[in-house]
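The values are calculated or read from the model by the stated rules, or taken from the named source; none is laboratory data. Given the structure is predicted, the values throughout are model-derived calculations rather than measurements. So basically every Cβ, Gly included, is an ideal-geometry build from the backbone, and we count neighbours across all protein chains shown. Note: areas computed on protein heavy atoms with side chains; ligands, DNA, RNA excluded. Shrake-Rupley method; radii C 1.70, N 1.55, O 1.52, S 1.80 Å.
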Amino acid sequence: MTTVSVVIPSYNSARHLAQAVTSVRAQRRSVDEIIVVDDGSQDDSPRLAASLGATCLSTGRNGGPSRARNVGVQSARGDVIAFLDADDWWDPGHTEAVIGLLDRFPQAGVAFARIRRCGSWTGESDRFIPEGQPLDVFWISLRDNIVPQMAVAVRRDVLLAAGGYDESMRFAEDYDLWLRLARRHVLFVCTHEVTANYRGHDEQASEQRLNLIRGAYESRSRLFHSIEAEDPATADRVGEVMRASWERLLSN
């Protein structure tokens, strides 16, 4: 049976961490380990993580979510890594739905569900691709970030082969990883079931949106330049998709 490690990056997350970890323990399909990676917190979250029965690791100093997730992945023993942020939480059927997809489709490297937005943002994430079909998602991923970070599970060997998260990025680092995996023709599969909850914070909503836009631009730009020298025709098509994406963003 597929073994599952849950990696939760945490920075000053004592306010919400218990809800996150408790939601993992409440899964109908249990996981094999819960790893909380403390990223230089100044609050009581490391002690809280340990009291909740999670394995608590440390980055040593604040390095951002990419660094924290990579530390967790390197330590994890599971075949699959399921990711949850410390201020978000899962519904009880999340792992049953998402890990079930990877059991059903061994050719897929990434599985994800839809999310509901809570707090500053409301509504549910879009249905970007058909459910229950492993797909090459490169071109659609270039247009949109189709994978919610708090609702995804990735085979550990696939993550390691791609080099994990880019630790130089603090925003849109997840989108950067999905683009790189899609470029490697890793197959993605999803369920349209909503199984995870994304908590928005009023005090950071507008600033975070701008940073995510900048991060997405950086990810697309780096991809374009990496392709340009080796495959000009594909680079031209990438450029067209990028231009259309920005025109759509500016019109909203």
List the pairs whose first member sits in segment 1-21 and is part of a helix (DSSP H, G or I), whose second member is open to solvent by less than 10 Å² (accessible area, probe 1.4 Å) and among the acidic types (Asp, Glu), and whose Cβ atoms are under 7 Å apart, counting only residues at least 6 apart or on separate chains?
-> Ala20/Asp88
Taking Tyr198 as the residue in question, decide whether it is touching a residue at least 60 places away in the same chain (Cβ under 8 Å), among the aromatic types (Phe, Trp, Tyr), open to solvent by 20 Å² or more (accessible area, probe 1.4 Å) and under 30 Å from Asp91 (Cα atoms).
-> yes
Taking the condition open to solvent by 20 Å² or more (accessible area, probe 1.4 Å), part of a helix (DSSP H, G or I), within 18 Å of Val80 (Cβ to Cβ) and hydrophobic (A, V, I, L, M, F, W, C), does Val241 pass?
-> no
Run Ala50 past the list (1) without any contact (Cβ under 8 Å) to a residue 40 or more places away in the chain; (2) out of contact with any Cys (no Cβ under 9 Å at 6 or more places or on another chain); (3) open to solvent by 30 Å² or more (accessible area, probe 1.4 Å) and report the number of the one that doesn't hold.
-> (2)
Does Val158 qualify as being β-branched (Val, Ile, Thr), outside any loop (DSSP other than H, G, I, E, B), open to solvent by 20 Å² or more (accessible area, probe 1.4 Å) and more than 30 Å from Met242 (Cβ to Cβ)?
-> no
In segment 161-173, residue least open to solvent (accessible area, probe 1.4 Å) [restricted to those that are out of contact with any Ser or Thr (no Cβ under 9 Å at 6 or more places or on another chain) and at pLDDT 95 or above] = Ala162
Only residues that are touching an Asp or Glu at 6+ places or on another chain (Cβ under 6 Å) and farther than 17 Å from Val7 by Cα: list them for segment 62-112, please.
-> Ala97
Pairs where the first residue, in segment 128-140, is within 17 Å of Leu177 (Cβ to Cβ) and the second is open to solvent by less than 30 Å² (accessible area, probe 1.4 Å) and of a type outside the set (A, V, I, L, M, F, W, C), C-beta under 9 Å, 6+ apart | Phe128/Ser141
Quick one: Leu179 ticks every box in (1) among the hydrophobic types (A, V, I, L, M, F, W, C); (2) out of contact with any strand residue (DSSP E or B) (no Cβ under 9 Å at 6 or more places or on another chain); (3) open to solvent by 10 Å² or more (accessible area, probe 1.4 Å); (4) assigned to a helix (DSSP H, G or I) bar one, so which box is it?
-> (3)
